[in-house]
1. Check which residues have an amide H placed less than 5 Å from A:Ser208's amide H, if you skip close sequence neighbours.
2. Heads up, I need the accessible area for A:Arg325: 1.4 angstrom probe, whole protein in place, Å², nearest 10.
3. Can you pull out the chymotrypsin sites (Phe, Trp or Tyr not before Pro) in segment A:178-207 that DSSP calls coil and that have at most 14 other Cβ atoms within 10 Å?
4. So, in Å, what gap is there between the alpha-carbon centers of segment A:145-162 and segment A:376-427?
5. Sorted from largest to smallest, which semi-axis lengths in Å does the alpha carbon gyration tensor of chain A give for its equivalent ellipsoid, taking the root of 5 times each eigenvalue?
6. Filter the GluC sites (Glu not before Pro) in segment A:80-189 down to the DSSP loop ones having no more than 12 other Cβ atoms within 10 Å, then list what survives.
7. Tabulate in residue order the Karplus-calculated ³J(HN,Hα) for segment A:60-73, using 6.51 cos²θ - 1.76 cosθ + 1.60 with θ = phi - 60°, rounded to whole Hz; enter x for Gly and Pro.
8. Nearest 5 percent is fine: what portion of the DSSP beta bridges confined to segment A:335-438 is antiparallel?
Amino acid sequence: MSKRYEYWNKEMELKNRKELDEIQNKRLRAIVKYCYDNVPFYNKKFKENNLHPDDIKTKDDIIKIPITYKQDLRDNYPFNMFAVPMKDIVRIHASSGTTGKPTVVGYTAKDIETWTELMARTIMATNVTKEDIIQNAYGYGLFTGGLGFHYGAEKIGATVIPISGGNTERQILIMQDFKSTVLTCTPSYSLYIAEYLKNLDIDVDSLSLRVGIFGAEPWSEALRSKIEDALHIDAFDIYGLSELCGPGVSIECPEKAGLHIWEDHFIPEIIDPENGEQKNMGEQGALVFTTLTKEGIPLLRYLTNDITVLNEEKCNCGRWHIRMRKVIGRADDMLIIRGINVFPSEVEYQLMKIPGVSENYQIIIDRDILDRLILKVEVTPEAFSDKVSEMEDFKKNIEQRLYSSLQIHANVELVAPGKIERSIGKAKRVIDLRTKNI
Amino acid sequence: MVKQVSVFLPNEPGVLAKFTELLENNKINIRALTVAETADYGILRIIVNNPDKCIEVLRNANYLVSETDVLAFEVEDKPGGLHRIANLMGENNINIEYLYSTLTSKTAIILMRVNDLEKASTLLKDAGIKIFSGSEIYSI
Ligand SMILES: [Zn+2]
């Protein structure tokens, strides 16, 4: 059976490399001039670097433009990065600032239209159509997740249930009674729902769910299998950040071989986060975006925290839009343990391959003389034995696997089921105690 | 064959009290018990009057529980009684995973977990040792 691929905007989605390059070059020239003329921050920055908009003719010239950092948005809090007067802004969103002030983004009516178009493409790329009933369990509010999905889902003509996050019992009731076919939320919350269903003895096959679109936190391929097995659905990774629009920057197609970035609206690059130099296609590094069509808050070479790899080959789905690998980790999530760099997602990937290990685990890093990594793992019925030797083998197996694959020394601690706190939003799987003591 | 209930218990204050309270509230009596403990957790193994109910009660309370068959037999109350059994198992290549005991007013009973239950049971029977059935043990 050949795979089915749905498209919202077939013409744009199936443009070839050359056509995409042409669109990007043309739009890049325009947005650079727009930033120079309308955003004092960029005007100043260009002048400081002896750069003029005319110097940017094609994508190859993009490296001449200085990187924009998240700190720049914070320094210009709340509205100084806006390119239009407030009367032209129709919506404000903000990202949850884990430290200090949030980053604020403003949308013109045209920006909302663009975002809606991108979300329509994004949702349909997962083969969700107007036949579907989408239970949107992303938070509605300043966070972009809820409204982003909402507009896109309505655009394609699907039925949206704007339930927002939390209240799991109600989520399940709605899921049963309204026969939701699609669930949208964070991957952690999908697992939380799955566990809840199990505790209530509800057979997942009695539900109508068939697709899940999960994002807002990095999740591993192994976690995908867990979610798909637990909920009997097809799980897709979605990527976005509020600084660019929110969800809808990139999405997996049914190939699940990377997330297509909508290149008629964004130019992605990979740079070395250490020295800011651009990396080649296929090399790992930090993801950088230039927005090509945004009016409210256009961004040139905006550095994200996300570590990934780009692939510009044509995909089996017919799209040439560049694919980014599932985010490997966030630059500031990277753990340095006794000099070894490791992303929590890499630890998770190894853990999920071990039979009897569930997604309920926690990484705790502490320091006495050397860094200590303690891994709390909930014991599952599969791993439980009346024999201590078998339980200890289970522990050792985890420790050895982490050492042989990632060269990290972990002390595994087995804990009772339910002991690791479940999360409704983004999962807190890493606790670093070192920073407190220094 | 006797059904033993094994329970995962973290090493934390109050865990055991909570556990025994649950059993008491459900009128489950412990006939024999042993704990294997490590630095972070313990495995409690118990023989109770009603193993099926016990497992249900514990599972509903979200305990991690498993059920294991063990052998229960009488041991002579004199020096070398247990030694004889250990030898018998060793000579016949049966690995004793663990054992523990309980006393009644009349006799000492050993509960033993081995890698080959059938073979161990036959060996004991052939050696003239009294083996208890589940119901005999549950109703001590
Ligand atoms: Zn594709």
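The values are calculated or read from the model by the stated rules, or taken from the named source; none is laboratory data. Quick caveat, the model's predicted, so the values are computed rather than measured. Reconstructed Cβ throughout: ideal geometry from the backbone, glycine too, with neighbour counts over all protein chains shown. Keep in mind that these areas ignore ligands, DNA and RNA; they rest on the heavy atoms of the full protein, side chains included. Shrake-Rupley method; radii C 1.70, N 1.55, O 1.52, S 1.80 Å.
1. Correct list: A:Ser180.
2. Approximately 130 Å² of A:Arg325 is accessible to the 1.4 Å probe.
3. Numbers: sites: A:Phe178, A:Tyr189, A:Tyr192, A:Tyr196; in loops: A:Phe178.
Those that pass, being in a loop and sparsely packed, are A:Phe178.
4. 39
5. Working: eigenvalues 278, 150, 80 Å².
Largest first, chain A gives 37, 27, 20 Å.
6. Details: sites: A:Glu113, A:Glu117, A:Glu131, A:Glu154, A:Glu169; in loops: A:Glu131.
The qualifying sites are A:Glu131.
7. 5, 7, 4, 5, 6, 7, x, 5, 9, 9, 4, 4, 4, 5
8. Working: 11 of 20 bridges.
Here the antiparallel bridges make up roughly 55 percent for segment A:335-438.
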